[in-house]
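The values are calculated or read from the model by the stated rules, or taken from the named source; none is laboratory data. Small disclaimer: the values here were computed from a predicted structure and weren't measured. FYI the Cβ positions are ideal-geometry reconstructions off the backbone, even for glycines, and counts take in every protein chain you see. Side chains are part of the model used for accessible areas, which takes the heavy atoms of the whole protein and leaves out ligands, DNA and RNA. Shrake-Rupley method; radii C 1.70, N 1.55, O 1.52, S 1.80 Å.
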Amino acid sequence: MDGDEGLDHAEELVLGPLEDSPLPLWELGWDEAESASWLAELLGPGLISLVARGLVEVRRFDGWPAEWDDGTLVVGDELLRESGRAEVWRDDGGHRVLAAHITRAGIRLL
């Protein structure tokens, strides 16, 4: 990614793995992360910012893997609320899945 595009650190951490998107949010984290709560705190704001800038889209699914078009778009206050929950950053199978997909505008930043 080109650091001159104005991405902050959290945005870069979210956008980088999405080259192979769509991906569930738990695949955007890394094994060395302190906890799912820590990921939500660190990556959640980056995800929200990328969505607001039209670089990423987020959808909700009943399970994963799934067809992208079968998901429900998650935006605004709902995305703010959901991306802050540790559960969506963890693959424990006990919740609906939020997945992110890079948009055409986001691809140019990779």
*Please list, in chain and number order, the residues 5+ apart from Val74 or on another chain whose amide H is under 5 Å from its amide H, with Hs placed from the backbone.*
Val58, Arg59, Arg60
*Remind me, relative contact order of the chain in percent, using alpha carbon pairs under 8 angstrom and six or more residues apart?*
40 percent
*Given 0.36 nm per residue, what is the gain on full extension from Glu19 to Ser49 after removing their alpha carbon distance, in nm?*
9.1 nm
*Chain lengthening between Val75 and Glu12 when straightened (0.36 nm per residue, less Cα-Cα)*: 20.7 nm
_In sequence order, calculated HN-Hα J values of segment 16-29 (Karplus, 6.51, -1.76, 1.60; Hz; x Gly/Pro)_ = x, x, 6, 4, 9, 6, x, 9, x, 4, 5, 7, 8, x
*Tell me, what HN-Hα J-couplings in whole Hz come from the Karplus equation 6.51 cos²θ - 1.76 cosθ + 1.60 at θ = phi - 60° for each residue of segment 45-59, using x for Gly and Pro?*
x, x, 4, 4, 5, 4, 5, 4, 8, x, 8, 9, 10, 10, 9
*Could you please state how large a percent of the accessible area of the chain is carbon and sulfur, counting protein chains only and using a 1.4 Å probe?*
44 percent
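Compute the accessible area per residue over the chain, keeping the other protein chains in place, probe 1.4 Å, unit Å².
Values: 6070 Å² over 110 residues.
Result: 55 Å² of accessible area for each residue.
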*asked:* Can you compute the FRET efficiency between Trp38 and Leu110 using 1/(1 + (r/R0)^6), with r the Cβ-Cβ distance and R0 = 22 Å? Round to the nearest 0.05.
replied: 0.30
*Based solely on its DSSP helices, what 222 nm [θ] is calculated for the chain when runs of n ≥ 4 H residues each add -39,500 (n - 2.57) and the sum is averaged over all residues, nearest 500 deg cm²/dmol?*
-9000 deg cm²/dmol
